[in-house]
Amino acid sequence: METLRKILLTAVIFLMSGYLIAQSQSTIQAAFVKSYESEKAGNYSSAITSLKTVYKADSYILNIRLGWLHYLAKQYNESIKYYEKSISLKPYAIEARFGCVKPLSATESWEKVKTNYVEILKIDPQNTVANYWLGVIYYNRKDYANATKLFEKVVNLYPLDYDSVIMLAWSKLNTGKSADAKVLFNHALILRPDDASALSGLKLIK
């Protein structure tokens, strides 16, 4: 009799836990629906509030969503906090690192932006977005050698990408490789005829 009672009690607990999980999922889904509706209406504060009612610190999806909404609300420090929490929960999810770049850029935290791109490339070395923008950071710092390596990688993958071609051309020119730069500037003119940047580069070579 005692054994039967324990079996029945276990069954009840199991059913109740399943019901509570289903109820919790339903509540979270409803909160997300409200947050999407509020975001579409431009009411970011309401969108944030909807999610905070169901917030769980160990939820990747809640943290990354809150990171995005705080970014839209121009609450950049809060945005960074939630994105960094997302990164800690899923270190190999590069979407959270790309998300974090947005508020970091808004606050001109360029060293942290660079760190995020470097970490993305450790996970996904061929990622063209990270390679390109890390290249731009190096170029702006006049580190043309490292910029060249990154732009070359993108151009090798996407030879018709104008932005990468023109940045590689200028990087080559700034490292003294005029012949390579000339070829690239002319290639840029095929991709974008009468391009002012390519024409300016060619004038410096002549």
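See the values below:
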| item | result |
| --- | --- |
| Residue match in region 129-149 (condition: under 30 Å from Lys74 (Cα atoms) and outside any helix (DSSP H, G or I)) | yes |
| Residues (open to solvent by less than 50 Å² (accessible area, probe 1.4 Å) and more than 13 Å from the chain's Cα centre (by Cα)) located in region 58-68 | Ser59, Tyr60, Leu62, Asn63, Leu66 |
| Test for Ala147: is it buried (at least 23 other Cβ atoms within 10 Å of the Cβ) and either free of Cβ contacts under 8 Å to residues at least 24 places away in the same chain or over 16 Å from Ala188 (Cα atoms) (or both) | yes |
| When residues of region 69-124 are limited to those that are of a type in the set (Asp, Glu) and open to solvent by less than 60 Å² (accessible area, probe 1.4 Å), the one nearest to Lys52 (Cα to Cα) | Glu119 |
| Selection status of Leu199, out of contact with any strand residue (DSSP E or B) (no Cβ under 7 Å at 6 or more places or on another chain), at pLDDT 95 or above, within 19 Å of Val136 (Cα to Cα) and of a type outside the set (Ser, Thr, Tyr) | no |
| Within region 105-126, tally of residues that are within 11 Å of the chain's Cα centre (by Cα) and either polar (S, T, N, Q) or closer than 19 Å to His70 by Cβ (or both) | 2 |
| Selection status of Tyr138, aromatic (Phe, Trp, Tyr), under 25 Å from the mean Cα position of the chain (by Cα), within 22 Å of Ile87 (Cβ to Cβ) and surrounded by 18 or more Cβ atoms within 10 Å (Cβ to Cβ) | no |
| Residue in region 169-188 that is closer than 30 Å to Ile94 by Cβ, part of a helix (DSSP H, G or I) and of a type in the set (S, T, N, Q) present | yes |
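Listed here are the residues, each with its yes/no results for (1) touching a Lys or Arg at 6+ places or on another chain (Cβ under 7 Å); (2) touching a residue at least 24 places away in the same chain (Cβ under 8 Å); (3) among the aliphatic types (A, V, I, L, M).
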residue: Tyr139; (1), (2), (3): no, yes, no
residue: Leu160; (1), (2), (3): no, yes, yes
residue: Ser178; (1), (2), (3): no, yes, no
residue: Ile205; (1), (2), (3): yes, yes, yes
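The values are calculated or read from the model by the stated rules, or taken from the named source; none is laboratory data. If you're wondering where the values come from, they're calculated on a predicted model, not measured in any experiment. Methodologically, a virtual Cβ is constructed for each residue, glycine included, from the backbone with ideal geometry; neighbour enumeration extends over all protein chains shown. These accessible areas exclude ligands, DNA and RNA; they are computed on the full protein's heavy atoms, side chains included. Shrake-Rupley method; radii C 1.70, N 1.55, O 1.52, S 1.80 Å.
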